[in-house]
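Written out below as structure tokens is the structure these notes cover.
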Amino acid sequence: MSFLDLANQRYSVRNYKDTPVPQEKIRRCIEAAGLAPSACNLQPWKFVVVDDAGLVKELAKAAFEGLVGLNHFALKVPVLVLVVSERQKVFAKFGGIVKRKNFSLMDIAIAAEHFCLQAAEEGLGTCILGWFNEKKVKKILSIPRLKRVELMISLGFPADEEIPRKNRKSIDEILSHNKYK
């Protein structure tokens, strides 16, 4: 499959089959995420895979309490993957302050998309979630207070076989040459 075909195949899945995800598929997704580039090669991430059905449900209820209508599908997903930011080294933190950019978050976003693209390659669906109750999530999974859970990724086999048509801006709308216009 070409990269463009893979990118087109990947979409935010919100309806999953009730089928366990094989550990080797999850490990390849984590491996792909670990290959992502990062500023100063710091790899400022840790992935926490939650695949125990009871724990997934408990986590989803706590994470999306009050927002369950928005992310109700998370209650039925077979796997939730948390992306936790690890402590930045002084040099990277200083560079981020000077440039007013959070390189760690950029790195985590790239790693998360590597994870999702590998999942698509594996026939799995994902949805990257950023709006959740971080405090409750950390408590359930014993994540240290000073760590940040930046993202959650739902993972499983899509219930729907058909890949939805993407509604994206045209290339001409997102591209400028030699100057911004």
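Some points to look at:
- Extreme residue, nearest to E161 (Cα to Cα), among residues of region 11-20 that are buried (at least 17 other Cβ atoms within 10 Å of the Cβ) and in contact with a Phe, Trp or Tyr (Cβ under 7 Å, 6 or more places away or on another chain): Y16
- Which listed residue, of S154, S142, is touching a Ser or Thr at 6+ places or on another chain (Cβ under 9 Å) and polar (S, T, N, Q): S154
For every residue, the table says whether it meets (1) under 14 Å from the mean Cα position of the chain (by Cα); (2) more than 22 Å from K147 (Cβ to Cβ); (3) surrounded by 13 or more Cβ atoms within 10 Å (Cβ to Cβ).
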| position | (1), (2), (3) |
| --- | --- |
| Q9 | no, yes, yes |
| A32 | yes, yes, yes |
| L35 | no, yes, no |
| V48 | yes, no, yes |
| G54 | no, yes, no |
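- Some residue of region 138-153 being hydroxyl-bearing (S, T, Y), within 25 Å of V77 (Cβ to Cβ) and assigned to a loop (DSSP other than H, G, I, E, B): yes
- Of the set (1) under 20 Å from the mean Cα position of the chain (by Cα); (2) within 21 Å of S12 (Cβ to Cβ); (3) of a type in the set (A, V, I, L, M), all apply to I174 but (1).
- Candidate set from region 125-137 (those that are touching a helix residue (DSSP H, G or I) at 6+ places or on another chain (Cβ under 6 Å) and not in a strand (DSSP E or B)); member that is farthest from I163 (Cα to Cα): K136
Read-outs: derived from the displayed coordinates by stated rules, not from any lab. What you see is a predicted model, and the numbers here were worked out from it, not measured in a lab. Cβ atoms come from the backbone with ideal geometry, glycine included; neighbour counts cover every protein chain shown.
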